[in-house]
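Down below is the structure, laid out as structure tokens.
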Amino acid sequence: MSQQTITVTVAHGSAKHSLTLAGHDDGTGPTVKDLSDVLCQTTGVPAASQKLIFKGKSLKDLEESLSSYGIKDGCKLMMIGKRNSPEEEAALKKLKEIEKSVEQTAKKLEKIDREFIGLKNGFLAKDLQAEALGKLDHRVKIASEHFMKILEQIDDLVIYYHCYYIICCRCSLFGVTKISNTFLGFFLQSVPENFSDCRMKKKALVKTVQVHLWFCLNQNILVCCY
């Protein structure tokens, strides 16, 4: 089945971007998300900060096809949105690294779950099950501890990048080139939260980790009660 490909022009500030979007393998045309992803790569404006407008109407449903909004080849759209600051981009990059660590630990949990199911199904001699269960329990606890450390890393990371950027900006107003711990503590008391993209990423990541922690607790209970 042939893909539907369209080219549209998106105005962003004083710039105009001509973008060609390919359809999907099932023959459906490109979606709002497809356009948003390309704009993120082209302009650096993250999807969460984008507001796409066509003929005065905001494109809010990312899963909807562009054609459902009446967008055809050659149409012109407008995007409103700003790029993240370099400091927030650095924090987002670190959050993505942490996200990979979460995924790796989650895969280890999946392996533990498969091994536990194997034990329940009798794939190991009974005289060896107690030792195997003890090892599984230990691995679950290690994973749980790792997830707890990740939660601490997420909080520390976002606060650090956020505060350091604000503090440096404020200190420059007073001609301060070196920041003492006392001076640092003074400004930390009144730092506003303005890293919106980081907050969204952090919230989603924290929720994911909490789900895995619940799984660790549940798995630990199953192993202990088996």
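Residues of region 10-34 being open to solvent by less than 60 Å² (accessible area, probe 1.4 Å), in a strand (DSSP E or B) and either closer than 20 Å to residue 82 by Cβ or free of Cβ contacts under 8 Å to residues at least 12 places away in the same chain (or both), which ones? Break it down stepwise before answering.
Of the residues in region 10-34, the ones open to solvent by less than 60 Å² (accessible area, probe 1.4 Å) are 10-12, 15, 17, 19, 21-23, 27, 29-32, 34.
Now restrict to residues that are in a strand (DSSP E or B): 10-12, 15, 17, 19, 21, 31.
Passing the criteria: 10, 11, 12, 15, 17, 19.
If you go through region 35-76 one residue at a time, how many are buried (at least 17 other Cβ atoms within 10 Å of the Cβ), over 27 Å from the mean Cα position of the chain (by Cα) and within 18 Å of residue 22 (Cα to Cα)?
Summing the residues that are buried (at least 17 other Cβ atoms within 10 Å of the Cβ), over 27 Å from the mean Cα position of the chain (by Cα) and within 18 Å of residue 22 (Cα to Cα) in region 35-76 gives 2.
Assess whether residue 77 counts as being assigned to a strand (DSSP E or B) and over 25 Å from residue 206 (Cα atoms). Walk me through how you get there before you give the answer.
Working: assigned to a strand (DSSP E or B): yes; over 25 Å from residue 206 (Cα atoms): yes.
In short, yes.
Would you mind telling me which numbered condition in (1) closer than 16 Å to residue 9 by Cβ; (2) open to solvent by less than 30 Å² (accessible area, probe 1.4 Å) residue 80 fails?
(2)
Filter region 96-123 down to the residues that are open to solvent by 60 Å² or more (accessible area, probe 1.4 Å) and not charged (D, E, K, R), then identify the one that is farthest from residue 213 (Cα to Cα).
123
The values are calculated or read from the model by the stated rules, or taken from the named source; none is laboratory data. Computed from a prediction, not measured in an experiment: that's the story for all the values here. Reconstructed Cβ throughout: ideal geometry from the backbone, glycine too, with neighbour counts over all protein chains shown. Just the protein is used for accessible areas: all its heavy atoms, side chains included, with ligands, DNA and RNA removed. Shrake-Rupley method; radii C 1.70, N 1.55, O 1.52, S 1.80 Å.
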